[in-house]
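What follows is a single structure, written as structure tokens, with notes after it.
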Amino acid sequence: MRKKLPLSEIKEWQKNPRTMTAKRFEALKKSIQDDPDLMEKFPIFVREETMTIYSGHMRMKAIAELGWKEVTCEVDDI
């Protein structure tokens, strides 16, 4: 189910293995800034019981750095 959630409620998974170069991360931030609807098309996925991200860590980091306060998430009960 899709929901708009405050960033403060969403938790990062501490064992996230993915990384991104600074250059690619800046490109990601720019693409989100240029087209905010991107986050509607590609939501952050979180587990309902823990509100932990399982897909979208770098997008979450990017929107946090851009100053967003909330984001659309796909909340799953997996």
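Figures for the structure shown
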| quantity | calculated |
| --- | --- |
| Phi to ³J(HN,Hα) by Karplus 6.51 cos²θ - 1.76 cosθ + 1.60 over segment 50-66, Hz, x for Gly, Pro | 10, 6, 9, 5, 10, 7, x, 4, 6, 5, 4, 4, 5, 5, 5, 5, 7 |
| Percent antiparallel among DSSP beta bridges (both partners in the chain, rounded to 5) | 60 percent |
| Ellipticity estimate at 222 nm from DSSP helix runs (n ≥ 4, -39,500 (n - 2.57)) divided over the chain, nearest 500 | -9500 deg cm²/dmol |
| Average projected area [Cα convex hull, the chain], square nanometres | 5.0 nm² |
| Across 30/61; 23/69; 11/61; 3/69, pairs whose alpha-carbon gap is larger than 22 Å | 23/69 |
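Read-outs throughout are calculated quantities, based only on the coordinates presented, and are distinct from any laboratory measurement. Remember, it's a predicted structure, so these values are computed and weren't measured experimentally.
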